[in-house]
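The values are calculated or read from the model by the stated rules, or taken from the named source; none is laboratory data. Quantities reported herein were computed from a predicted structural model and do not represent experimental measurements. Here the Cβ positions follow ideal geometry from the backbone for every residue, glycine too, while neighbour counts run over all protein chains shown. SASA here: full protein model, heavy atoms, side chains in, ligands and nucleic acids out. Shrake-Rupley method; radii C 1.70, N 1.55, O 1.52, S 1.80 Å.
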Amino acid sequence: MAKTRSKGGATSTAPASSNPTNPSKSRYTLQPESSDPPRVFILPKKATPKARIVSLLNPRYAKPTRYLVCPESGIYEFTRIAAPKSTPHSWLIESSSGNLEGQKSVNGAEPDFVAYTTKGAELYIATPVDPLFLVLPALAQTTSKSEKRLFLSGYDHLESVSKELSPHLSEILHWGNVRTLFEARMAAICDTIEAGDESMFRLNEENLLKEVLSKAKRMSETPLPPSMEEKFVTKALEAPVLSVKRAGTAATAVVTEPAAAEPVSSTPMPESGESQASAASTETTNSLTPEPSTAATSVAGETIAPSEELAAAIQASPEVTKLQRLRTAFSFICSSYIAPPQTAQLKKLLSEKKDLVDFAPLDDYLAEVSKLRQEAVAARSTGDYSRKRVLDEEEMMARAEKKRKVEEEDKRKKAGQSRGVKNLKKVNTTGMKKMSDFFKKKL
Amino acid sequence: MLEARLEQAQLLKKVVDAIKDLVQDCNFDCNDSGIALQAMDNSHVALVSMMLKAESFNPFRCDRNIAIGLNLVSLTKVLRAAQNEDILTLKAEDAPDSLNLTFESSDKDRISEYDLKLMDIDQEHLGIPDTDYSATISMPSAEFKRICTDLMAMSESVTIEAGKDGIKFACNGDIGNGSITLRTVQDVENKENNIEIALTEPVSLTFSLKYLVNFCKAQNLSKTVKLHISNEVPLLVEYAMEGGSYLRFYLAPKIGDEE
């Protein structure tokens, strides 16, 4: 059973609750809008009741973001799913006191929460996040400060993050096995030495790269979420069909560098503009992957269906597709979880380490495609007469319409003009001053 | 609310006829002293100033200042439906969107009524100071018109030279030159034929004949016309009507290039 809760775990409701709403109030008086409206969360079953929502430093955007931390099962990030602004939705959240979480109903401090209608139908889904990314800013900070790259204990690393950026970090370190979890993940990307009974850590970029790459590989083994696949893989690899009809659409679909499309939102949570459909794809594919808002929005424009039977100039081999997928996944992980300076570092490292993964076949293929696209554009400008004519006809229509309007306007103006006035226009008035030069304007 | 009744429609007909070839649209500003109009031609080198005093109407009523913006061609079309001898009544509300014109035949067996849509005209008003002109010439309006049309055949501009001996209209055109000189005339029997020249100092200025010919369309309004000339100021051509009403034209002199 998926549990839903209002903010802060205050109230949880069973979705199928059938408790009738309180009818004693007038049907037509609306209560004032709550400043802290209930929100709907979907929390993992694994998370124990001890789990809390805390603010931790977001590794990508360097500002506090809410995470769900469970002392036993780990850390979860939230993905906000909301209807686009153009199609407003709302939730009717209903609760019955019998279903309240035991602990809360006992202490009785709970306000009488029966039913509530929210303004925006936002749904927060908690999905597991690798603590690795959360410790990354701490590691990066302590390593970049000193050139010498000291080995520090995990605790020292984590302490270096300022309280403002990560208000609850020091608190959660004392919970259950959270600290062990952090240190275990730290070990995966750090050089470690044992000092007494404590491990000391130092960030190793190569290990980090391997770790991120392995995540990316796992992500790219199955096809990416449909909208991502469409935009960053299919479109990017699509070669123009060298025929007049297809050239136009192919040339418009130039998406060269998928990594350029980083999420625009300031948090990893998608903007509310994202459609429900794309959010659904997030759930189905990879729980580690909140959809970047850009991925969902601009895909609908062109479809490739109508002329599938026409053969493209070159076809992407499965190997190339796989590499493109991997690169997209890698860029995506970097753009979601890793700070920009580190991302740049990792990308540089990735291009140097050919033994980890070699993108050469993909790069060759992409170069070929962009060449073909240029040719297609050039061919269209000379060869595509049919299209040009259509445009011209429309233009001519518009021009004729415009001309007619101007003429009409002129005609109307002339109708109000006597012959004498028209004749006076032809008079040579050189050497004659304006009347306003002689007579002052009256106020 | 404006209500102005003219015993003879021809006054308004003639005034509008005289102006309509100079300006296209203009405001008739009505207040308790009468109906005034000031407008410039498209090139802003000529100005027409009309005043129909309340005394010219019988009766005249205007409680508030009302600006009646009209296209003169449209007004001419409506006025064409009036006989010269018809009784004409103008009516407009305080914030009018149309002007009501009623024409009654003198024996009152026919009444025609028209509503004319008004327009919003943004016009600037110029303050015209009283000027002491160097020369003031009074002559029959028909004579002035004849001079202008005659010289128009020769050239497009005329030099008006006022001296002790008389007044000389001279022109110089492609086909040759010509001039007309008028001396003072004292016709005791027909005062309308008088030519009077009042001179403080001799002046000589050049004007566009096309404009002058245009002004002469007001000839029907008055038997006599007065020309006021001074250096460096516009020529004033004045047609005086009964009851202190007048139609005045101002024209900027041509300075510099003598052709």
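To keep it simple, each residue is scored yes or no on (1) more than 7 Å from chain B (Cβ to nearest Cβ); (2) more than 18 Å from B:SER208 (Cβ to Cβ); (3) among the β-branched types (Val, Ile, Thr).
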residue: A:LYS403; (1), (2), (3): yes, yes, no
residue: A:GLU409; (1), (2), (3): yes, yes, no
residue: A:LYS414; (1), (2), (3): yes, yes, no
residue: A:LYS426; (1), (2), (3): yes, no, no
residue: A:THR430; (1), (2), (3): no, no, yes
residue: A:LYS434; (1), (2), (3): no, no, no
residue: A:ASP437; (1), (2), (3): yes, no, no
residue: A:LYS440; (1), (2), (3): no, yes, no
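Mind listing just one residue for me: the one in region A:182-200 that is over 28 Å from A:LYS354 (Cβ atoms) and touching a Gly at 6+ places or on another chain (Cβ under 9 Å) and, of those, least open to solvent (accessible area, probe 1.4 Å)?
At the first step, the residues of region A:182-200 found to be over 28 Å from A:LYS354 (Cβ atoms) are A:182-184, A:193-200.
When the remaining residues are screened for being touching a Gly at 6+ places or on another chain (Cβ under 9 Å), the result is A:182-183, A:198-200.
Values: A:PHE182: 2, A:GLU183: 47, A:GLU198: 78, A:SER199: 39, A:MET200: 42 Å².
In this case the residue turns out to be A:PHE182.
Would you confirm, using the coordinates I've provided, whether A:LYS411 is modelled with pLDDT of 80 or more, loosely packed, with under 10 Cβ neighbours inside 10 Å and in a helix (DSSP H, G or I)? Yes.
When A:LEU203, A:LEU213, A:LEU173 are checked against the criterion of being in contact with a helix residue (DSSP H, G or I) (Cβ under 6 Å, 6 or more places away or on another chain), open to solvent by less than 60 Å² (accessible area, probe 1.4 Å) and within 20 Å of A:LEU356 (Cβ to Cβ), a single residue qualifies: A:LEU203.
Could you grab me the full set of residues in region A:121-134 that are modelled with pLDDT of 80 or more and over 15 Å from A:ARG66 (Cα atoms)? Within region A:121-134, A:GLU122, A:LEU132 meet the criteria.
Any residue at all in region B:197-211 that is aromatic (Phe, Trp, Tyr), within 14 Å of chain A (Cβ to nearest Cβ) and surrounded by 15 or more Cβ atoms within 10 Å (Cβ to Cβ)? Explain how you work it out, then say what you get.
Our first condition is that a residue be aromatic (Phe, Trp, Tyr); within region B:197-211, this holds for B:207, B:211.
Remaining after also requiring within 14 Å of chain A (Cβ to nearest Cβ): B:207, B:211.
From what is left, the residues that are surrounded by 15 or more Cβ atoms within 10 Å (Cβ to Cβ) are B:207, B:211.
The answer is yes; a qualifying residue exists.
Confirm whether B:ASP21 is in contact with a helix residue (DSSP H, G or I) (Cβ under 9 Å, 6 or more places away or on another chain), open to solvent by 40 Å² or more (accessible area, probe 1.4 Å), among the acidic types (Asp, Glu) and over 25 Å from B:SER106 (Cα atoms). So B:ASP21 does not fit the description; no. Give me the pairs: first residue in region A:119-137 and of a type in the set (Phe, Trp, Tyr), second residue open to solvent by 20 Å² or more (accessible area, probe 1.4 Å), beta-carbon distance under 6 Å, and six or more apart or on different chains, which are they? Short answer, once both residue conditions are applied: A:TYR124/A:ARG80. Within region B:39-60, being within 21 Å of A:LYS413 (Cα to Cα) and open to solvent by 20 Å² or more (accessible area, probe 1.4 Å) holds for B:MET40, B:ASN42, B:SER43, B:HIS44.
Taking A:PRO306 as the residue in question, decide whether it is modelled with pLDDT of 55 or more, assigned to a helix (DSSP H, G or I), surrounded by fewer than 12 Cβ atoms within 10 Å (Cβ to Cβ) and on the phi < 0 side of the Ramachandran plot. Judged against the criteria, A:PRO306 is not a match. Does B:ALA170 meet the test of being open to solvent by less than 80 Å² (accessible area, probe 1.4 Å) and away from chain A (no Cβ under 11 Å)? It is true that B:ALA170 is open to solvent by less than 80 Å² (accessible area, probe 1.4 Å) and away from chain A (no Cβ under 11 Å). Residue check: B:ASP187 meets all listed conditions (1) surrounded by fewer than 21 Cβ atoms within 10 Å (Cβ to Cβ); (2) farther than 30 Å from B:PHE28 by Cβ; (3) touching a residue at least 12 places away in the same chain (Cβ under 8 Å) but one, namely (3). Do we find that B:LEU75 is touching a residue at least 40 places away in the same chain (Cβ under 8 Å), open to solvent by less than 40 Å² (accessible area, probe 1.4 Å), more than 14 Å from chain A (Cβ to nearest Cβ) and in contact with a helix residue (DSSP H, G or I) (Cβ under 7 Å, 6 or more places away or on another chain) in this structure? Spelling it out, it is not the case that B:LEU75 is touching a residue at least 40 places away in the same chain (Cβ under 8 Å), open to solvent by less than 40 Å² (accessible area, probe 1.4 Å), more than 14 Å from chain A (Cβ to nearest Cβ) and in contact with a helix residue (DSSP H, G or I) (Cβ under 7 Å, 6 or more places away or on another chain). When residues in region A:28-74 are screened for being touching a residue at least 60 places away in the same chain (Cβ under 8 Å), in the same structural domain as A:ALA138 (by the TED database) and hydroxyl-bearing (Ser, Thr, Tyr), 4 of them pass.
Matching residues to (1) under 15 Å from A:LEU56 (Cα atoms); (2) under 30 Å from the mean Cα position of the chain (by Cα); (3) assigned by the TED database to the domain that holds A:VAL129:
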| residue | (1), (2), (3) |
| --- | --- |
| A:HIS174 | yes, no, yes |
| A:PHE182 | yes, yes, yes |
| A:THR192 | no, no, yes |
| A:ASP197 | no, no, yes |
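Scan (1) farther than 30 Å from B:ASP86 by Cα; (2) open to solvent by less than 40 Å² (accessible area, probe 1.4 Å); (3) not assigned by the TED database to the domain that holds B:VAL233 for the single condition B:GLN123 breaks and write down its number. Unmet for B:GLN123, out of (1) farther than 30 Å from B:ASP86 by Cα; (2) open to solvent by less than 40 Å² (accessible area, probe 1.4 Å); (3) not assigned by the TED database to the domain that holds B:VAL233: (2).
Out of all the residues in region B:123-131, is one or more away from chain A (no Cβ under 14 Å) and under 23 Å from the mean Cα position of the chain (by Cα)? Checking region B:123-131: not a single residue is away from chain A (no Cβ under 14 Å) and under 23 Å from the mean Cα position of the chain (by Cα). Scanning region B:5-27 for residues that are over 18 Å from B:GLN38 (Cβ atoms) and not acidic (Asp, Glu) turns up B:ARG5, B:LEU6, B:GLN8, B:ALA9, B:GLN10, B:LEU11, B:LYS13, B:LYS14. Scanning region B:92-110 for residues being in a loop (DSSP other than H, G, I, E, B) and surrounded by 17 or more Cβ atoms within 10 Å (Cβ to Cβ) gives a total of 1.
Name every residue in region B:82-91 that is assigned to a loop (DSSP other than H, G, I, E, B) and either in contact with a strand residue (DSSP E or B) (Cβ under 6 Å, 6 or more places away or on another chain) or outside the structural domain of B:ASP107 (by the TED database) (or both), in order of residue number. Don't jump to the end; show me each part of the working.
Here is the first cut: in region B:82-91, the ones assigned to a loop (DSSP other than H, G, I, E, B) are B:82-86.
Within region B:82-91, B:ALA82, B:ASP86 meet the criteria.
From the list B:VAL23, B:VAL48, pick out the single residue that is within 14 Å of another protein chain (Cβ to nearest Cβ) and either without any contact (Cβ under 8 Å) to a residue 60 or more places away in the chain or assigned to a loop (DSSP other than H, G, I, E, B) (or both). Can you show your working first?
On the way: B:VAL48 fails: either without any contact (Cβ under 8 Å) to a residue 60 or more places away in the chain or assigned to a loop (DSSP other than H, G, I, E, B) (or both).
Every option except B:VAL23 fails the conditions.
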